[in-house]
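> Got a structure for you, written out below as structure tokens; questions coming shortly.
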Amino acid sequence: MGRGDADHRAEPGLGPDAGGLGQHPRLAGSGRRVDHRDKLAVGQRGQCGGGLVLAQPATGARVLRVLVLRGAARLSAGFCWPWSDPNPDGTLIDDVIMDSFKRPWNAKSDAGRLAPGIPKESLWAYDPRGVGQIGCIYTAQGFEFDYVGVIFGKDLVYDPNGAGWVGNRDASADNFVRRSGKDFLRNVKNIYRVLLTRGMRGCYVHFMDKQTENFFRSRLESVANIQKATQE
């Protein structure tokens, strides 16, 4: 079942593109988190710690289907694809398409009649059948799961040549965020900060932009080296 706000670690050995794995425990007696993923997503300087696995979307989706049998797991994505109304028969359209990977967003709140096996938007985080759809910021925020998969779109990319985080308005399908003017970059940073911190035990991430993936991967490697050095 979906819950309310935290972070732990990803299980090793799940998915072929594992980066560094570690742990983000809550500080004893408080609601604060040791959360390097949060730092990275909002653009603060620091390293990206464990609980993060780099994976292809199809691999991540398969892993999440297995993990949902053990607890709560959901797949989410940046709002970089249109969100269609259901087909006349109540089935959902595969809006999120990357090569051979295709998945629908979760049902809209005003979707009306849905085909059997498709939960309403309000139940996406709770109903086990929700694992077949992709959630966005509007359905994932406020919940936490044991594991979460995140498709990191091209609406937020990292420029290694000095510009740092760059917001790409043309890659966003979120009309509200697109119209946010000078706040666009801040808003998309916050979106990924939320999506990346929904998993209490682990987070599987696929990056559509290679330079952004390389940036995250370099931070994972840095933390792995630090952890190794402290254990020697």
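The values are calculated or read from the model by the stated rules, or taken from the named source; none is laboratory data. Fair warning: this is a prediction, and the values are worked out from it, not measured in the lab. When we count neighbours, we look across all protein chains shown, and the Cβ atoms used for this are built from the backbone with ideal geometry, even at glycine.
> Checking Gly132 against (1) out of contact with any helix residue (DSSP H, G or I) (no Cβ under 9 Å at 6 or more places or on another chain); (2) under 17 Å from Trp83 (Cα atoms), only one condition comes out false. Which one?
Just one mismatch for Gly132, condition (1).
> If you don't mind, another one. Find the residue count for segment 99-157, including only residues that are touching a strand residue (DSSP E or B) at 6+ places or on another chain (Cβ under 6 Å) and assigned to a helix (DSSP H, G or I).
So the count comes out to 1.
> Now for a separate question. Would you say Gly181 is farther than 22 Å from Ser109 by Cα, surrounded by 23 or more Cβ atoms within 10 Å (Cβ to Cβ) and more than 9 Å from the chain's Cα centre (by Cα)?
Answer is no for this residue.
> I'd like the full set of residues that are modelled with pLDDT of 95 or more, farther than 26 Å from Asn187 by Cβ and either of a type in the set (S, T, N, Q) or loosely packed, with under 15 Cβ neighbours inside 10 Å (or both), limited to segment 95-115.
Ala115
> Hey, can you tell me all the residues within segment 161-219 that are outside any strand (DSSP E or B), among the small types (Gly, Ala, Ser) and in contact (Cβ under 8 Å) with a residue 12 or more places away in the chain?
Those that are outside any strand (DSSP E or B), among the small types (Gly, Ala, Ser) and in contact (Cβ under 8 Å) with a residue 12 or more places away in the chain: Ala171, Ser172, Ala173.
> Restricting attention to segment 78-98, which residues are part of a loop (DSSP other than H, G, I, E, B), under 21 Å from Phe152 (Cα atoms) and without any contact (Cβ under 8 Å) to a residue 40 or more places away in the chain?
Correct list: Ser84, Ile93, Asp94, Asp95.
> Within segment 145-170, which residues are over 18 Å from Gln133 (Cβ atoms) and not hydrophobic (A, V, I, L, M, F, W, C)?
Answer for segment 145-170, where residues must be over 18 Å from Gln133 (Cβ atoms) and not hydrophobic (A, V, I, L, M, F, W, C): Lys154, Asp155, Tyr158, Asp159, Pro160, Asn161, Gly162, Gly164, Gly167, Asn168, Arg169, Asp170.
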